[in-house]
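Engineer: Pasting a structure below so you can have a look.
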Amino acid sequence: MKALVFYEHGGLEKLQYTDRPEPVVGPHEALVQVKAVALNRLDLWVRAGIPGLKLVLPHIGGSDIAGVVAAVGEEVDQAWVGRRVVINPALSCGRCEFCLAGEQCLCVRFQILGEHTPGGMAEYAVAPATNLYAIPDDFPFIEAATVPLPFQTAWRALIGQARLRAGESVLILGAGGGVATAAIQIAKLAGAYVYAVTSTEEKEQRARALGADETINYRQADFAKEIWQRTNKRGVDVVLENVGPATWKGSLRALRKGGRLVTYGATTGRFAETDLNLLFWNQPSLIGSTMSTYAEFTEVMGLVFSRKLHAVVDRVLPLSAGAEAQSILEAGEQFGKIVLEP
Ligand SMILES: [Zn+2]
């Protein structure tokens with residue numbers, strides 16, 4: 001099969017569009033013919049090399065896959081064959097104390113398809129059959145591929161972890177990102193007032209079109225000061241963070257007393273300074289979030305595939321243009337998801 005692979009970690013030049021053997025299906029797995037695969041920032045980090053993550057090389061990235069089930073292992077219901085699906089990229093063991101409690105994304109053996117295991121930037125991919133999610137016949141593969149990772153991440157962060165409620169205000173950073181575009185819609189659906197921070201006027205307009213009530217261009221203004229002024233020196237109830245050290249102090253300053261900061265990423269680095277005086281005096285909650293539980297995944301997929309939440313596609317390119325696609329994502333030129341077609 002054709003696949004986008006790298007034989008060693010490094011820059012864009014390490015990506016090769018080449019022939020690889022089709023993956024072998026285990027007894028509890030499904031083989032999916034990939035119709036569309038969406039990029040995530042994770043793909044860039046995995047290619048560059050994540051400290052402590054040892055991969056079997058060559059590696060095929062790609063965590064967000066839509067396609068058709070081509071075959072299943074002997075322990076899997078044959079009725080899956082031929083069905084249109086997306087794959088939940090959250091891989092959990094099913095037997096640790098957290099999995100047994102229904103908290104799959106706290107699994108002690110937690111992995112992400114396309115990060116720790118071969119992903120979908122290929123004509124075929126395998127996944128545990130428990131990670132298949134059937135999609136409607138009329139739902140386009142290109143839109144479907146943009147959904148699993150960003151929507152479950154945004155849903156758990158805002159709803160499961162930060163417990164965002166109707167009438168509250170939320171600040172969403174990096175509004176052009178896949179998780180952020182999902183988060184704007186989820187926050188509006190929850191009845192919250194949304195401030196979105198982004199880098200260009202065009203992206204501000206697109207964030208408002210998705211439902212953001214107000215936008216801030218961080219190149220023109222200090223977002224924390226803006227929030228302070230616009231909320232009459234109160235701050236917002238919830239901040240959704242993924243930037244890290246470059247915004248961490250501002251995010252804490254933008255919170256109301258007793259507010260909640262929820263982070264699902266650290267794009268600008270792993271270590272950020274927290275003012276401990278501010279932490280005990282203002283009493284915010286600092287909350288982490290990664291992927292989601294099965295229950296959260298199912299809930300948010302239901303909302304997307306019944307069209308209450310919408311996929312945001314930036315552009316579609318052939319799988320052979322995978323390096324170009326990753327360079328666009330690396331430069332942050334996109335709004336929403338970049339999708340590849342094998
Ligand atoms: Zn587990």
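The values are calculated or read from the model by the stated rules, or taken from the named source; none is laboratory data. Just so it is clear, the structure is predicted and the values come from calculations on it, not from any experiment. When we count neighbours, we look across all protein chains shown, and the Cβ atoms used for this are built from the backbone with ideal geometry, even at glycine. Note: accessible area is taken over every heavy atom of the protein model, side chains too, but ligands, DNA and RNA are not part of it. Shrake-Rupley method; radii C 1.70, N 1.55, O 1.52, S 1.80 Å.
Residue-wise test of (1) farther than 20 Å from LEU171 by Cβ; (2) in contact with a strand residue (DSSP E or B) (Cβ under 9 Å, 6 or more places away or on another chain).
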residue: VAL236; (1), (2): no, yes
residue: THR268; (1), (2): no, no
residue: PHE280; (1), (2): yes, no
residue: MET291; (1), (2): yes, yes
residue: GLY302; (1), (2): yes, no
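Engineer: State yes or no: is GLU29 more than 16 Å from the ligand (Cβ to nearest atom), surrounded by 21 or more Cβ atoms within 10 Å (Cβ to Cβ) and among the charged types (D, E, K, R)? If you could, list the steps in order and put the result at the bottom.
Structural biologist: Numbers: more than 16 Å from the ligand (Cβ to nearest atom): yes; surrounded by 21 or more Cβ atoms within 10 Å (Cβ to Cβ): yes; among the charged types (D, E, K, R): yes.
Yes; evaluated as a whole, the condition is true for this residue.
Engineer: (1) within 21 Å of the chain's Cα centre (by Cα); (2) open to solvent by 10 Å² or more (accessible area, probe 1.4 Å); (3) in contact (Cβ under 8 Å) with a residue 24 or more places away in the chain: which one isn't true of VAL76, the others all being true?
Structural biologist: Every condition holds for VAL76 apart from (1).
Engineer: Here's a follow-up. Please specify each residue of region 290-342 satisfying the condition of being touching a residue at least 60 places away in the same chain (Cβ under 8 Å), among the polar types (S, T, N, Q) and either outside any loop (DSSP other than H, G, I, E, B) or closer than 20 Å to ARG84 by Cα (or both).
Structural biologist: Across region 290-342, the qualifying residues are THR298, SER320, GLN326, SER327.
Engineer: Still on this structure: Out of region 33-73, which residues are open to solvent by 60 Å² or more (accessible area, probe 1.4 Å), closer than 25 Å to SER289 by Cα and of a type in the set (D, E, K, R)?
Structural biologist: Selection gives ARG41, LYS54.
Engineer: State which residue is surrounded by the fewest Cβ atoms within 10 Å (Cβ to Cβ) when the search covers only region 261-305 and only residues that are of a type in the set (D, E, K, R) and under 23 Å from PHE110 (Cα atoms).
Structural biologist: Among them, the one singled out is ARG270.
Engineer: Can you tell which of LEU100, LEU113 is open to solvent by 40 Å² or more (accessible area, probe 1.4 Å), within 16 Å of the ligand (Cβ to nearest atom) and out of contact with any His (no Cβ under 7 Å at 6 or more places or on another chain)?
Structural biologist: Among LEU100, LEU113, only LEU100 is open to solvent by 40 Å² or more (accessible area, probe 1.4 Å), within 16 Å of the ligand (Cβ to nearest atom) and out of contact with any His (no Cβ under 7 Å at 6 or more places or on another chain).
Engineer: Across region 167-200, what is the number of residues that are at pLDDT below 95, open to solvent by 10 Å² or more (accessible area, probe 1.4 Å) and of a type outside the set (Ser, Thr, Tyr)?
Structural biologist: Selection size over region 167-200: 3.
Engineer: State yes or no: is ARG84 under 24 Å from GLU296 (Cβ atoms), open to solvent by 10 Å² or more (accessible area, probe 1.4 Å), touching a Lys or Arg at 6+ places or on another chain (Cβ under 9 Å) and basic (Lys, Arg)? Show your work before the answer.
Structural biologist: On the way: under 24 Å from GLU296 (Cβ atoms): yes; open to solvent by 10 Å² or more (accessible area, probe 1.4 Å): yes; touching a Lys or Arg at 6+ places or on another chain (Cβ under 9 Å): yes; basic (Lys, Arg): yes.
Judged against the criteria, ARG84 is a match.
Engineer: Next up: Could you count how many residues in region 257-275 are modelled with pLDDT of 95 or more, aliphatic (A, V, I, L, M) and farther than 17 Å from GLY235 by Cβ?
Structural biologist: Summing the residues that are modelled with pLDDT of 95 or more, aliphatic (A, V, I, L, M) and farther than 17 Å from GLY235 by Cβ in region 257-275 gives 1.
Engineer: Scan region 248-289 residue by residue and report those that are in a strand (DSSP E or B), under 23 Å from the mean Cα position of the chain (by Cα) and not basic (Lys, Arg).
Structural biologist: Within region 248-289, LEU261, VAL262, THR263, SER285, LEU286, ILE287, GLY288 meet the criteria.
Engineer: Restricting to region 113-137, and then to whatever is small (Gly, Ala, Ser) and assigned to a loop (DSSP other than H, G, I, E, B), can you tell me which residue is farthest from SER320 (Cα to Cα)?
Structural biologist: Only one residue tops the list, namely GLY114.
Engineer: Only one of SER306, SER327, SER292 is of a type in the set (Ser, Thr, Tyr) and touching a Lys or Arg at 6+ places or on another chain (Cβ under 8 Å). Can you tell me which?
Structural biologist: Working: SER306 fails: touching a Lys or Arg at 6+ places or on another chain (Cβ under 8 Å); SER327 fails: touching a Lys or Arg at 6+ places or on another chain (Cβ under 8 Å).
Residue meeting the stated conditions: SER292.
Engineer: Looking only at region 148-166, which residues are part of a loop (DSSP other than H, G, I, E, B) and either within 24 Å of ILE50 (Cα to Cα) or open to solvent by 20 Å² or more (accessible area, probe 1.4 Å) (or both)? Even if it seems obvious, please write down each step before you answer.
Structural biologist: Looking only at region 148-166, we keep the residues that are part of a loop (DSSP other than H, G, I, E, B), and these are 162-166.
Within region 148-166, ARG163, ARG165, ALA166 meet the criteria.
Engineer: Return only the number of the condition from (1) in contact with a helix residue (DSSP H, G or I) (Cβ under 8 Å, 6 or more places away or on another chain); (2) away from the ligand (no atom under 15 Å from the Cβ) that CYS105 does not satisfy.
Structural biologist: For CYS105, the failing item is (2).
Engineer: Then there is this: For residues that are open to solvent by less than 30 Å² (accessible area, probe 1.4 Å), without any contact (Cβ under 8 Å) to a residue 40 or more places away in the chain and not small (Gly, Ala, Ser), tally how many sit in region 215-254.
Structural biologist: So the answer is 3.
Engineer: Just need a number here: residues in region 318-342 that are open to solvent by 30 Å² or more (accessible area, probe 1.4 Å) and modelled with pLDDT of 95 or more.
Structural biologist: Result for region 318-342: 7.
Engineer: Are any residues in region 189-222 assigned to a loop (DSSP other than H, G, I, E, B) and either under 22 Å from ARG165 (Cβ atoms) or of a type in the set (Gly, Ala, Ser) (or both), and if so, which ones?
Structural biologist: The answer is ALA190, GLY191, ALA192, SER199, LEU210, GLY211, ALA212, ASP213, ALA221.
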